[in-house]
Each structure stands twice: as C-alpha cells, then as structure tokens.
Amino acid sequence: MARYAYVNGRYVEHREASVHIEDRGYQLADGVYEVVGVRDGKLIDEKPHIDRLDRSLKELRIDWPVSRNTLGFIIRELMRKNRLRDGLVYMQVTRGVSRRDHGFPTTPVKPALVLTTKATKHIVADAGSGVAVKSMPDIRWERCDIKTVALLPNVLAKQAAREAGAYEAWLLDDKGCITEGASTNAWIVTQDGELVTRQTDNGILSGITRSSLKTICNSLQLKLVERPFSLEEAKKAKEAFITSATSFVTPVVKIDGEKVGDGKVGATARRLREEYVRFSEAGEAVT
Ligand code: PMP
C-alpha cells in the first residue's frame, strides 16, 4: 500500500514528497511543528495541539498556511489514505520559500505546510520495565516554549543518551535543575509522595501530555507541585517518569546508571500510565 504525505496542497507518495531547497525551514530552521498521537484511529488531544501550533506560529509571526478547519480536514484525509490506526501525525509549517536572507522575506510568501503520518505499535497500559535516562547540560536557547524545528541541541542530547544505552536525555540548567527531556517532559515522585514537574515558562515546552496528565492527577486527587527539581533530588526520588505524545507516560528506572528507588516501575507511574491510556481511548475514531 502506498504511503502518502501532504505537501503544500497535494497528497503525494511519501517516497516522492519533497520541498524546495530554499524553503526557510530547510535552510534556517524557520518553522514550527506539532506531533499528535493516534490510538485506535483516534487523535489524542487534537485541540490543544492545534492551539499550541497557533501559539508557535504567532510567536514567530508566521501566517496560518490554511484555515484551522482545513488543517483538521487534511489531518483526517491523510490518516484515512494511510489507514493509520496507531501512531502519530506530524505537521510542519515553515515561513515558506524565499531567496536566502536571515531577515523575514520582504515580499509576502506563502507559508509551507507538510504533513506525514507514522505508524507505531499499539501502546499498552502495561508499563513494562521502564527506561533509563542520561543527564546532560541544556544548551538550548531561551525560547524553548516555542515548538520550532530548530532541534539540533535536542538531537545531540538524544544521540548521546542512545550511545550511553539510555532512552532519553534529561537536560540540566546552570543551577543543576532538570528542565525537561530532549523530546519529553520530566516528572518525579519524592520520598514524601509529592508529585513534581517543572513549571512551564520559556525554559521548557508546555507539553500537551503533561497538561492532560495534570487534569488526570487532579481528578485522582494526587497532589502535584510545579517547581524546579535538581538532578540530585531526582536521583533520590521514589519514582520518575516522562510524558509526551509518543511515549505517553513512561516510567524512568535509572538516571545516569543509578537506580531510581528500587529500580522497578513505581506504583504512581504505573497508575498514571494506565489512566492516560484510558484517557486516550476517549473520542471519535477518524478512520
Ligand atoms: N518537551 C520537548 C522538548 C518535546 O519535544 C516534547 C514533544 N513534543 C515534549 C516536551 C512533550 O510534549 P507533548 O506532550 O506535547 O508531546
């Protein structure tokens, strides 16, 4: 079965999909993106993801390439064409094609819109045995709240983590506090049973999964504190986990080779993963 991508108004075969060499996304990382998870043919948290796309576009003064309604239609059409049941929809908007110059184009150009889908295995509620993370300095810029395609520091951090046998990198600010993962938000459960995740500001991406999990924590009457936490505190924590549209809630059992708690998946992370999987099953299937 052919796999399709959407590129600037057309559904094209994925292996033939391409953009112009002077697209500002390609040359200058002048663009933003979103990733929406799909489970059983259902989009997870579509609205907040598109709201965040809107915010990212406004922060960079890039116009919407199509209307919001049209984007919703394109997402569904691509899912249908690719028979996507489980996986993700990737969407990217760049400032468009223009002769290379750092400043914004002086004559209006149409922003470029690209969508792809990726099939993944069906995520199960069972947390498995958890993952390892590796800490490293957060060398990113001061606008990590904007979801831009300028991901080189994240790429390098993820690669270093993989080379160390870890699943994710946990990034450290200059005070020794963990900001977030290379592509996930970071959480711990302290020995006192306090659930902690860093507050959102320009230092991290405001994760949609993080936000939905906050609501779930509220409904379970779990006490959540949004504050900075250090690498030392994380290493002494009872539990740790990460959240994102693609990893849902994934328990962290090792930080820099040291066991978190007893090195096994903790009760809170296990429960929250189950609850999040249940939450992802709500809504209407697209395909
Ligand atoms: N932080 C970063 C740097 C990310 O790239 C992501 C993934 N988009 C996240 C956090 C998690 O965000 P979300 O839950 O919206 O996927």
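Please build a GNM for the chain, connecting alpha carbons under 10 Å apart, and tell me which residue among Arg83, Arg15, Arg24 fluctuates the most.
So, out of Arg83, Arg15, Arg24, the one fluctuating most is Arg15.
Sequence gap at least 6, Cα distance under 8 Å: using those rules, report the relative contact order of the chain to the nearest whole percent.
With pairs under 8 Å counted, the relative contact order is 20 percent.
Give the lysines whose C-alpha is closer than 17 Å to that of Lys121, dropping any in the same chain fewer than 8 places away, or say none.
Answer for Lys121, where 17 Å is the Cα cut-off: Lys42, listed by chain and number.
Do the sum for the chain: with -39,500 (n - 2.57) for every DSSP H run of n ≥ 4, divided by all residues, what is the mean residue ellipticity at 222 nm, to the nearest 500 deg cm²/dmol?
Taken over the chain, the calculation gives -8000 deg cm²/dmol.
Jot down the per residue volume, in cubic angstrom and as a whole number, of the convex hull over the alpha-carbon atoms of the chain.
132 Å³
Give me the extension gain from Asp174 to Glu281: residue separation times 0.36 nm, minus the current Cα-Cα distance, reported in nm with one decimal.
34.6 nm
Return the FRET efficiency for the residue pair Glu233, Phe104: r is the Cβ-Cβ distance, R0 is 30 Å, and the value is rounded to the nearest 0.05.
In this case the efficiency is close to 0.10.
Say each of Val66 and Thr215 gets a label point 7 Å from the Cα, pointing the same way as Cα to Cβ; how far apart are those two points in nm?
Distance between the two pseudo-spin positions: 2.6 nm.
Every read-out reported here was derived from the displayed coordinates using simple, explicitly stated rules and does not represent laboratory data. For clarity, every value in this text was computed on a predicted model and none was experimentally measured. Note that we place each Cβ from the backbone using ideal geometry, even for glycine, and neighbour counts take in every protein chain shown.
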